[in-house]
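The values are calculated or read from the model by the stated rules, or taken from the named source; none is laboratory data. None of these values were measured; they are calculated from a predicted model. Cβ atoms come from the backbone with ideal geometry, glycine included; neighbour counts cover every protein chain shown.
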Amino acid sequence: MTSHEPMEVEPGATAASPEKGPALPTPGVDQYHVDPSLPAAGGVEHHDQADRQPKHRAPEEAKAKRSFARTFREELWANNNFTVTLLAIVLALICGAVLMVVGNAEVRDQWQYLLYQPGKTIGDTWAFVSTAYTDMFKGAIVNPDTVNRWYWNMTTWQQVFYPISETLTNAAPLIFTGLAVAVPFRAGLFNIGGQGQAIMGAIGGGTVGLALSLPAVIQVPLGVLAGALLGGLWGYLVGILKARTGAHEVILTIMLNNIAFLFLGWFILQKGIKDPARSDAISKPIQESGRLPQLIPDPLLRANLAIVLAVLAAAGVAWLLKRGRFGFELRAVGHNPHAAATAGIKVGTTVALTMALAGALAGLGGTSVALGTAPALTVDMLGQIGFNGILVALLGRVRPWGVVGAGLLFGALQAGGNAMQTFSGVSVELVGVIQALIVLFVAAPALVKAIYRLRRSPAAAAQAGLAKG
Amino acid sequence: MTTSTMDVELAVPEAYWTRTRKTGAVMVVLGLLATIVFGALAGSENARFALGENISGAGFDIPGTFGAIFFGLVALAAGVAMLVTGRYFGVLTGVALAGFIISALCWQMSVSPVSHTMPLGFIAAATFTAAIPLIFGSLGGVLCERSGVVNVAIEGQLLTGAFFGALFGTLTGSFWLGLVAAAVGGALLSAILAVFAIKYLVDQVVVGIVLNVFAGGLTAFFYEQVMRPDTDAYNFPGKVPSWPIPGLVDIPILGPALFNGNIFSYGSLIAVAVVTIALFRTRWGLRTRAVGEHPAAADTVGIRVLGLRYANVLIAGLVAGFGGAYFSMLSTTGFSKYMVSGAGFIALAAMIFGRWHPVGAFFASLFFGFFGALTGFLTSISSPIPSQFLSMLPYVATIFAVAGLVGRVRAPAADGKPYVKG
């Protein structure tokens with residue numbers, strides 16, 4: 001790519017062949033080059049306003065004509081990222097359907113008779129797959145039957161909102177852990193330690209939640225703060241080690257994940273934490289006054305304050321990255337640490353603080369589980385939210401609002417997967433496969449384009465700007 | 001792995017405080033800790049080290065307090081020697097650590113309410129058994145990364161191997177075909193890594209992480225859908241035959257570990273030897289290392305960089321997949337979901353700890369395996385040391401290693417960087 005139009009600059013973004021370049025930026029120092037569009041300190045806002053515009057328009061003119069509807073339309077059609085993401089989801093769902101068929105004994109056996117009963121085979125398969133995915137949709141967004149029954153006063157309105165509530169409940173921790181990957185990514189750091197940081201956050205928040213009995217107005221913020229603090233410390237440890245010794249953060253975070261996991265296993269067995277009434281490894285239950293309040297006080301609708309906090313955190317991160325002084329330093333370090341150091345930015349401090357911020361975000365993710373949905377601290381209470389956060393961040397293209405969108409999608413898949421397991425008998429583990437496939441396809445847009453034989457549009461040039469080579 | 005962002009400011013000149021002296025200072029502290037604290041806490045009972053696989057039979061006794069203090073002093077002396085001479089890093093570190101560990105053992109065993117005897121043969125065998133999957137996994141990592149492709153997907157390769165081994169071992173009714181299938185399964189996952197990392201130039205750490213999730217989800221899905229409803233038909237692979245070598249088995253301590261083995265234990269030793277010779281004594285090995293260090297230069301002299309990388313990543317998958325079968329065909333019979341549970345990441349740590357060298361990775365795996373065996377032993381004598389903290393030691397050791405506190409490790413120069421012919 002030879003053009004020099006302004007473009008969204010990501011860490012690791014360099015010129016590359018549009019056909020082969022992946023859209024995901026890479027936090028690898030060695031591929032960095034000094035980007036001509038990297039502005040001086042004064043020009044940050046202007047740079048970010050202008051860089052989404054197509055190339056034939058001068059930035060000033062575009063800024064004047066910019067309206068929300070127009071931006072939306074341009075994002076939808078001119079930006080190829082959206083198309084690739086959508087097609088990647090479709091592709092992953094198709095792969096998921098194949099796995100469903102292979103995994104179901106009845107449908108699988110029917111395929112032996114494909115040549116004798118082609119109609120029945122295809123029909124059975126279609127019925128099975130479509131029922132499963134319909135159940136998934138019903139469990140994640142809305143169930144038309146429930147709406148109908150509610151209309152005829154046969155059920156409560158809470159039932160109608162149950163799927164959405166489940167989606168939001170599942171999405172909140174993922175948005176947090178996704179942001180915890182996205183923020184350091186912009187500074188050229190790959191944070192695989194979301195899991196460990198979330199565990200430490202859950203320990204911090206959970207301990208406040210189960211050990212104290214204060215008024216909820218005090219205890220809940222205290223718990224959230226403790227979670228963010230402990231997670232932040234765990235992240236800071238990575239940052240300071242990297243800054244001081246140059247140790248690679250990927251290895252550090254993988255090791256700290258395991259250490260945090262083992263520490264949690266030890267912690268919940270300690271006196272004062274462990275539930276004396278139980279023989280298995282589980283802590284005392286979280287006190288009612290320590291729990292995050294539900295959005296709608298109803299036993300059925302679990303969605304709680306966590307999703308609001310998650311969206312606020314995303315907004316805060318978006319502001320920070322775009323407008324904040326620290327966000328500028330962070331991105332400068334991500335673009336080119338050498339240049340940043342020359343410009344007087346303390347690279348080591350920025351790295352350490354970035355990881356602390358990431359740790360705090362992941363810690364909030366862990367806290368939102370500990371104080372939101374988990375009844376008590378257990379070893380496997382967090383599942384894989386840290387690793388799923390990596391997928392969410394990558395799918396959201398390491399942008400704060402992208403992470404929110406990806407987190408909602410993953411939350412919906414999780415909620416829908418649970419419903420699919422209950423009603424269609426397809427194991428919820430399929431969701432993990434679909435999520436991984438989506439990210440894999442999104443990470444290799446060239447593959448998706450080859451499969452769908454997409455033609456290269458003028459906007460593909462802008463897309464290629466995101467690619468590295 | 002890519003190099004550090006921080007290299008800019010880290011050119012600290014090496015003065016008096018070299019690596020050896022710093023380590024020596026740490027060892028002095030450990031030695032003092034062992035001598036004073038362990039010596040004070042140790043009981044008057046004898047700590048008995050039996051040579052065989054069980055607590056009866058020949059052995060030697062060390063009085064608890066004496067042992068704790070004596071071996072603490074050994075660690076202290078080694079630390080002082082490092083501090084004074086600034087040389088003999090490897091030997092003295094080994095002596096100091098061994099002294100510290102034996103001192104701690106004398107303390108723990110002399111006060112244990114259950115048993116004062118440690119069967120060394122059993123510990124050695126348990127160490128090696130625990131190390132087997134780590135050896136295969138870290139060899140998979142070495143093969144991959146020496147050619148310049150980061151392999152964070154070891155966990156996934158082991159898991160896929162375990163799954164394929166159990167499934168096809170049961171379907172074909174043959175243990176051996178199961179092993180072949182396990183290797184092929186690991187290679188299949190590796191093939192995805194290769195295509196995305198080499199052809200589509202996706203960040204290799206990203207692909208690795210995603211593939212771990214993918215492999216975990218896929219195997220768990222089929223476990224739930226296929227294996228669990230009908231264990232006999234899909235998840236009942238044969239038992240691994242044991243091949244003791246007559247005579248050699250009876251060697252004290254090491255005999256039961258090395259010569260009472262099976263395809264996995266002998267295989268791991270052979271694999272280490274083969275990979276070492278292949279990497280450092282053959283044309284293929286020279287080319288692999290060249291591609292991992294400087295692909296452009298290798299390309300200039302006519303080496304097919306991408307072809308070699310594809311081959312190496314696939315071979316790495318074969319090795320790691322074969323090792324994965326250990327989980328479903330040796331340590332337990334049958335697959336269960338997420339059964340690898342982090343061993344792939346320890347294998348990654350072992351590879352780094354072993355400085356991207358097959359022999360180093362082998363000893364690092366044994367080191368980590370030893371802590372696994374020790375954890376089991378201390379739990380069995382109801383030691384008050386929490387097992388979780390012992391299990392943390394491999395990870396802490398790796399952090400120390402990569403942070404350069406105990407000797408700096410360096411990845412192949414082109415590790416993690418896709419090669420685009422320019």
**Study point:** Condition check for B:MET6: at pLDDT below 80, surrounded by 14 or more Cβ atoms within 10 Å (Cβ to Cβ) and assigned to a helix (DSSP H, G or I)
**Key:** yes
Practice item. For segment A:442-469, name all the residues that are at pLDDT 65 or above and either surrounded by fewer than 23 Cβ atoms within 10 Å (Cβ to Cβ) or more than 8 Å from chain B (Cβ to nearest Cβ) (or both). Key: A:VAL442, A:PRO445, A:ALA446, A:LEU447, A:VAL448, A:LYS449, A:ALA450, A:ILE451, A:TYR452, A:ARG453
Point to revise | Selection from segment B:232-263 of residues that are surrounded by fewer than 14 Cβ atoms within 10 Å (Cβ to Cβ) and either among the polar types (S, T, N, Q) or closer than 27 Å to A:GLY103 by Cβ (or both) | key: B:ASP232, B:ALA233, B:SER242
Revision key, fill the gap. Those residues of segment B:380-402 that are touching a helix residue (DSSP H, G or I) at 6+ places or on another chain (Cβ under 6 Å) and assigned to a helix (DSSP H, G or I) come to a total of 12
Exercise for review: Test each condition in (1) more than 20 Å from A:ILE203 (Cβ to Cβ); (2) surrounded by fewer than 20 Cβ atoms within 10 Å (Cβ to Cβ) for A:GLN287 and report the one that comes out false.
Suggested key: (1)
Review point. Got a sec? Which of A:LEU320, A:LEU305, A:LEU301, A:LEU330 is in contact with a strand residue (DSSP E or B) (Cβ under 9 Å, 6 or more places away or on another chain), among the hydrophobic types (A, V, I, L, M, F, W, C), within 23 Å of A:PRO400 (Cα to Cα) and surrounded by 16 or more Cβ atoms within 10 Å (Cβ to Cβ)?
Key: A:LEU305
Practice item. Kindly check whether there is at least one residue in segment A:245-265 that is over 20 Å from A:GLY386 (Cβ atoms) and within 14 Å of chain B (Cβ to nearest Cβ). Key: yes
Review point. Are any residues in segment A:156-188 of a type in the set (Ser, Thr, Tyr) and either modelled with pLDDT of 90 or more or touching a Ser or Thr at 6+ places or on another chain (Cβ under 6 Å) (or both), and if so, which ones?
Key: A:TYR162, A:SER165, A:THR167, A:THR169, A:THR177
Exercise for review: Identify all residues within segment B:21-45 that are of a type in the set (S, T, N, Q) and buried (at least 18 other Cβ atoms within 10 Å of the Cβ); write none if there are none.
Suggested key: B:THR23, B:THR35
**Study point:** Hits in segment A:298-329 - residues which are free of Cβ contacts under 8 Å to residues at least 12 places away in the same chain, more than 21 Å from A:GLY178 (Cβ to Cβ) and assigned to a helix (DSSP H, G or I)
**Key:** A:ARG325
Point to revise | Among residues of segment B:189-234, those that are part of a helix (DSSP H, G or I), more than 7 Å from every other protein chain (Cβ to nearest Cβ) and over 23 Å from the mean Cα position of the chain (by Cα), counted | key: 14
Review point. When residues of segment B:322-347 are filtered for being in a helix (DSSP H, G or I) and away from chain A (no Cβ under 14 Å), how many remain?
Key: 10
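Residue-by-condition table, conditions (1) under 16 Å from A:VAL84 (Cα atoms); (2) among the charged types (D, E, K, R):
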site	(1), (2)
A:GLY416	no, no
A:ALA419	no, no
A:GLY425	no, no
A:GLU429	no, yes
A:ILE434	yes, no
A:VAL439	yes, no
A:VAL442	yes, no
A:PRO445	yes, no
A:VAL448	yes, no
Review point. Quick one: what pairs do we get from segment B:273-292, first residue within 16 Å of B:PHE136 (Cβ to Cβ), second among the hydrophobic types (A, V, I, L, M, F, W, C), C-beta under 7 Å, 6+ apart or different chains?
Key: B:VAL275/B:LEU139; B:VAL275/B:VAL142; B:VAL275/B:LEU143; B:THR276/B:VAL359; B:ALA278/B:TRP284
Check your understanding: Can we say A:ILE268 is closer than 26 Å to B:THR375 by Cβ, touching a Ser or Thr at 6+ places or on another chain (Cβ under 7 Å), of a type outside the set (Ser, Thr, Tyr) and within 14 Å of another protein chain (Cβ to nearest Cβ)?
Key -> yes
Check your understanding: If the Cβ limit is 7 Å and pairs must be 6+ apart or interchain, which residue in segment A:331-352 that is over 20 Å from A:GLY232 (Cβ atoms) pairs with which residue that is assigned to a loop (DSSP other than H, G, I, E, B) and among the aromatic types (Phe, Trp, Tyr)?
Key -> A:HIS335/A:TYR32; A:ASN336/A:TYR32
**Study point:** Residue within segment B:356-374 that is more than 9 Å from every other protein chain (Cβ to nearest Cβ) and in contact with a strand residue (DSSP E or B) (Cβ under 8 Å, 6 or more places away or on another chain) present
**Key:** no
Revision key, fill the gap. Among the residues of segment A:186-229, the number that are part of a helix (DSSP H, G or I), farther than 18 Å from A:LEU364 by Cβ and not aliphatic (A, V, I, L, M) is 1
**Study point:** From B:ALA397, B:ALA411, residue being among the aliphatic types (A, V, I, L, M), closer than 23 Å to B:VAL291 by Cα and facing chain A (nearest Cβ under 10 Å)
**Key:** B:ALA411
Practice item. Go through segment A:238-254 and give me each residue that's hydroxyl-bearing (Ser, Thr, Tyr) and either in contact (Cβ under 8 Å) with a residue 60 or more places away in the chain or buried (at least 24 other Cβ atoms within 10 Å of the Cβ) (or both). Key: A:THR253
